[in-house]
Amino acid sequence: MITTVLPTYNRAPLSFVKGEGSWLVEADGRRFLDLGAGIAVNALGHANPELVATLTEQAQNLWHVSNLYTIPQQQALADLLVDQTFADTVFFTNSGTETLELAVKMVRKYWYDKGTPRATILTFEGAFHGRSTAAIAAAGSEKMVKGFGPLMPGFKQLPWGDMDAFAAAMDDTVAAVLVEPIQGEGGIRPLSEAELRILREACDKTGALLVFDEVQCGMGRTGKLFAHEWAGVTPDVMMVAKGIGGGFPLGAVLATESAAAGMVAGTHGSTYGGNPLACAVGLKVTQIVSDPAFLAEVNRKAGLLRQKLEGLVAAHPDSFETVRGAGLILGIKCKAPAGDLAVAAREAGVLVVPAADNVLRILPPLNIPDEDIAEAMTRLDTAATAYEGK
Ligand SMILES: *Cc1c(COP(=O)(O)O)cnc(C)c1O
């Protein structure tokens, strides 16, 4: 008999009743160190007092009004994002998937308005852009699309990081290039700064729009507010979600004035997108995370975590292979099955997230205390030792 909750997830036998910083507490009282942070969502940890206060205060005043009216919290968050980034304008959504939908519409409208419509958006294998029909067509992996055809046309996948294939595919039928600067679900696979610059140069040459999906790697995770900043290039359109709401559902599409020019009144909308509750919290998260002192701390913690992870990998050559990624979006490429190691970690009281390519993702809250990093590494060491003894 089918479960009352549609069984689309293989769920671990845990149900948490409370979160405190980088800790999750199970119904039976067991405490787990959370190195997954809701898959890079709880950027400031669980039950962050500043976010609780912001959410509570907003809840006592106004939860929701329609986008038929001006929403001051939304305006303030858009102003801050524009101030901090390449963007001139922002649209708010409730999820990452919805940012993909708008990004695709924006690209299509841009070319429609130019009078020379271009159909193809180049993407990369191993990508993840969400689970809507457009988002699975964009990523194109068999695992996501099988059984869900006919797929939305207009996407072409290239081998991950294959710059020759990219150069060959880049002609003036290409409307846009859509890429995660660091693939998340694909196994924490970063494009190099040089590769990001090649994408930008090629787009400049053909006029294609460059769309970065920073839903997982953005919002301070790499130690800059957005991952692409390391490469010194900017996109035309950027998708943001996950960390920006700190746990409250919120996403945003950021764009230049030129890329967004076609999105006039009536071309797009959302009932909930950018509502007062979400934007009050998103504003607080963005104010905290964009502070240079906060980002400096992310970088310091990232150095500490990376060093300890390298030590862990060196101590367990049968289980682990290498560490990759940047800042606090790290992946341990495993030798043993990553899923089994994630279970062993859970049994040792630390939560990590498996990804493709046999990788364990390490995505702690950006403000994880140093002592929690140390404790998490002790627990991962215990987990690997226990796994190897089996
Ligand atoms: C999670 C994710 C999405 C989809 O976000 P949802 O909020 O689950 O819809 C899109 N792109 C990337 C890179 C992601 O990691």
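The values are calculated or read from the model by the stated rules, or taken from the named source; none is laboratory data. For clarity, every value in this text was computed on a predicted model and none was experimentally measured. We place every Cβ from the backbone using ideal geometry, glycine too, and count neighbours over all the protein chains shown.
List the strands (runs of 3 or more DSSP E) that sit entirely inside the stretch 320-376 and contain at least 2 residues that are without any contact (Cβ under 8 Å) to a residue 24 or more places away in the chain and not assigned by TED's automatic domain parsing to the domain that holds residue 219. Lay out the reasoning, then the answer.
On the way: elements: 320-326, 329-334, 353-355, 359-362.
So the answer is 320-326.
Can you tell me how many residues within the stretch 107-126 are farther than 17 Å from residue 153 by Cβ and within 16 Å of the ligand (Cβ to nearest atom)?
To start, the set of residues in the stretch 107-126 that are farther than 17 Å from residue 153 by Cβ comprises 110, 113-116, 124-126.
After this cut, where a residue has to be within 16 Å of the ligand (Cβ to nearest atom) as well, the list is 124-126.
Adding up the residues that qualify gives 3.
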Scan the stretch 10-27 and give yes if some residue there is in contact with a Gly (Cβ under 9 Å, 6 or more places away or on another chain), among the hydrophobic types (A, V, I, L, M, F, W, C) and buried (at least 23 other Cβ atoms within 10 Å of the Cβ), otherwise no.
no
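Quick check on my filter: what residues within the stretch 203-234 are crowded, with 20+ Cβ neighbours inside 10 Å and over 20 Å from residue 281 (Cα atoms)? Break it down stepwise before answering.
Step one: of the stretch 203-234, the residues crowded, with 20+ Cβ neighbours inside 10 Å are 203, 208-223, 225-228, 233.
Once the filter is applied, which keeps residues that are crowded, with 20+ Cβ neighbours inside 10 Å and over 20 Å from residue 281 (Cα atoms), the stretch 203-234 yields 203, 208, 209, 210, 211, 212, 213, 222, 223, 227, 228, 233.
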The one condition residue 153 fails out of (1) at pLDDT 95 or above; (2) surrounded by 15 or more Cβ atoms within 10 Å (Cβ to Cβ) is (2)
Mind listing just one residue for me: the one in the stretch 227-255 that is outside any loop (DSSP other than H, G, I, E, B) and of a type in the set (Val, Ile, Thr) and, of those, nearest to residue 298 (Cα to Cα)?
244
